[in-house]
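The values are calculated or read from the model by the stated rules, or taken from the named source; none is laboratory data. Quantities reported herein were computed from a predicted structural model and do not represent experimental measurements. Here the Cβ positions follow ideal geometry from the backbone for every residue, glycine too, while neighbour counts run over all protein chains shown.
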Amino acid sequence: MQADDLAFDKRHIWHPYASMTHPLPTYPVVSADGYELILRDGRRLVDGMSSWWAAIHGYNHPVINQAIKHQISRMSHVMFGGITHPPAIELCRRLVTLMPSGLECVFLADSGSVAVEVAIKMALQYWQASGHPRYEFLALRHGYHGDTCGAMAVCDPDNSMHSIYQGYLPSNRFIEAPKRSFREAWKPGDETSLSALFSDYHQKIAAVIMEPIVQGAGGMRFYHPEYLRIARALCDRYGILLIADEIATGFGRTGEWLACHHANITPDILCLGKALTGGTMTLSATLTIRRVAETISNSAVGCFMHGPTFMANPLACAAANASLSLLEDESWRQRVENIASQLSRELSPLINHPMVSDVRVLGAIGVVEIKQTVNIAQLQHWFVEHGVWIRPFGHLIYLIPPYIISSKALTILIDAISASLDEPENFFVS
Ligand code: PMP
């Protein structure tokens with residue numbers, strides 16, 4: 001990197017959810033290895049974020065690297081219209097085998113948001129093909145499904161970017177977020193507002209879309225599996241499609257292979273992304289049941305109307321195949337369990353800190369909810385100075401480390417969070 005690179009970055013390059021005039025600082029990472037990010041000046045940061053849920057095996061994994069190198073020497077990309085190729089066939093074969101049975105038709109796309117767009121379009125085309133077009137989706141408050149327009153329209157309208165695009169986005173129906181948390185006792189009646197919405201609007205609703213069990217960007221909330229089971233049962237009763245957005249939760253993050261497994265349910269449409277390639281490349285998959293695929297395909301339109309240029313990119317498929325092969329021996333399960341128990345042991349006591357309103361752990365996810373809003377720039381800087389990469393937002397400081405993190409490194413992350421709470425300048429006074 002050159003001396004003026006950061007100045008150029010600041011002046012010319014958008015970062016996620018960033019201002020061009022008052023950007024938050026960015027930190028130059030020149031390489032990454034295992035659970036560490038290496039800064040330009042040589043400092044190594046312990047990674048608590050897995051690059052937003054994605055790098056589950058850590059960085060620079062030799063098996064994934066080798067698979068990509070092998071594939072690049074054959075072909076990096078070829079169009080998928082009228083052509084197929086071994087990495088895509090292998091990947092879809094794996095996904096059909098590894099995902100809940102019945103989800104047997106796979107659409108590969110570029111990113112999580114596009115997987116959600118594809119799911120929405122599948123549901124719309126399904127109803128159109130059935131001769132009863134429906135245009136509304138039922139989604140949860142505090143839900144988050146991506147940043148493209150269709151996806152934004154099923155995000156919480158108040159607690160997301162949805163509101164600033166109002167007037168342009170289609171309007172959908174929202175239901176209060178599940179109240180009962182993952183470990184609370186379920187009380188009959190907790191589902192009343194959900195069932196009421198179904199009974200009032202079932203003739204209009206094309207599909208229900210949910211992040212199963214963990215509502216991520218909308219607040220890192222863990223809700224009760226019974227809610228999901230009831231949602232599934234209501235969808236069955238009224239013949240409505242259930243879309244599970246497992247883009248963040250898939251591939252073991254919550255302690256189960258899919259978050260849906262906590263409730264033992266199978267959705268009609270499943271969205272995967274992020275960790276699909278072990279966080280090395282952008283790729284997503286939307287899987288559906290044959291009834292949906294056949295209804296769409298046997299319609300007057302005769303096809304599913306979507307086809308991205310980089311659909312089934314062979315390099316990304318090769319990376320995904322390597323990542324899935326690393327998950328095959330199920331050692332992820334023990335790793336995630338170890339992370340979960342260490343988080344429960346070492347992070348949970350922070351509940352006694354006067355700055356903290358809640359601490360929750362599920363699988364390899366640890367969340368500390370703060371009573372005040374985090375000063376992101378300040379706290380981020382503080383974390384980097386203390387050798388860790390943790391990216392807080394709102395009232396939340398959370399950890400979603402790579403599954404391969406050592407227990408010593410996880411303690412470094414937890415200790416950093418703990419110490420940061422005693423530095424008031426890291427937080428806005430509420
Ligand atoms: N759904 C969920 C649950 C997500 O967490 C995200 C990413 N934050 C997305 C969809 C969108 O994925 P992407 O950023 O790859 O478009």
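Worth pointing out:
- Here region 220-259 is the region considered, the condition is being within 14 Å of the ligand (Cβ to nearest atom) and among the hydroxyl-bearing types (Ser, Thr, Tyr), and the residue that is farthest from residue 56 (Cα to Cα) is 223.
- Within region 100-119, tally of residues that are assigned to a helix (DSSP H, G or I), out of contact with any helix residue (DSSP H, G or I) (no Cβ under 7 Å at 6 or more places or on another chain) and within 8 Å of the ligand (Cβ to nearest atom): 2
- Restricting region 120-129 to residues that are in contact with a helix residue (DSSP H, G or I) (Cβ under 6 Å, 6 or more places away or on another chain) and more than 16 Å from the ligand (Cβ to nearest atom), the residue that is nearest to residue 305 (Cα to Cα): 125
- Checking each residue of region 196-205 against the condition of being assigned to a strand (DSSP E or B), under 18 Å from residue 101 (Cβ atoms) and touching a Leu at 6+ places or on another chain (Cβ under 7 Å) gives no match.
- Residue match in region 157-173 (condition: touching a helix residue (DSSP H, G or I) at 6+ places or on another chain (Cβ under 9 Å), at pLDDT 95 or above and within 16 Å of the ligand (Cβ to nearest atom)): no
- In region 130-155, the residues that are assigned to a loop (DSSP other than H, G, I, E, B), more than 12 Å from the ligand (Cβ to nearest atom) and not small (Gly, Ala, Ser): 132, 133, 134, 135, 141
- Test set (1) within 14 Å of the ligand (Cβ to nearest atom); (2) over 14 Å from residue 99 (Cβ atoms); (3) surrounded by 22 or more Cβ atoms within 10 Å (Cβ to Cβ) - residue 262 fails condition number: (1)
- Flag if residue 216 is surrounded by fewer than 24 Cβ atoms within 10 Å (Cβ to Cβ), in contact (Cβ under 8 Å) with a residue 40 or more places away in the chain and either within 14 Å of the ligand (Cβ to nearest atom) or over 26 Å from residue 360 (Cα atoms) (or both): yes
Residue-wise test of (1) of a type in the set (D, E, K, R); (2) over 30 Å from residue 42 (Cα atoms).
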site: 323; (1), (2): no, no
site: 327; (1), (2): no, yes
site: 345; (1), (2): yes, yes
site: 360; (1), (2): yes, yes
site: 371; (1), (2): yes, yes
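- Residues within region 393-414 that are closer than 23 Å to residue 28 by Cα, surrounded by fewer than 23 Cβ atoms within 10 Å (Cβ to Cβ) and of a type outside the set (Ser, Thr, Tyr), tallied: 3
- Residue 254 passes every criterion in (1) in a loop (DSSP other than H, G, I, E, B); (2) over 14 Å from the mean Cα position of the chain (by Cα); (3) over 19 Å from residue 120 (Cβ atoms) apart from (2).
- Of all residues in region 265-283 being touching a strand residue (DSSP E or B) at 6+ places or on another chain (Cβ under 9 Å) and surrounded by fewer than 24 Cβ atoms within 10 Å (Cβ to Cβ), the one that is nearest to residue 294 (Cα to Cα): 266
- Within region 175-193, the set of residues being in contact with a Leu (Cβ under 7 Å, 6 or more places away or on another chain) and away from the ligand (no atom under 16 Å from the Cβ) comprises 175, 182.
Yes/no per residue for (1) more than 24 Å from residue 386 (Cα to Cα); (2) of a type in the set (Gly, Ala, Ser); (3) assigned to a helix (DSSP H, G or I); (4) in contact (Cβ under 8 Å) with a residue 12 or more places away in the chain:
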site: 16; (1), (2), (3), (4): no, no, no, no
site: 27; (1), (2), (3), (4): no, no, no, yes
site: 37; (1), (2), (3), (4): no, no, no, yes
site: 51; (1), (2), (3), (4): no, yes, yes, yes
site: 55; (1), (2), (3), (4): no, yes, no, yes
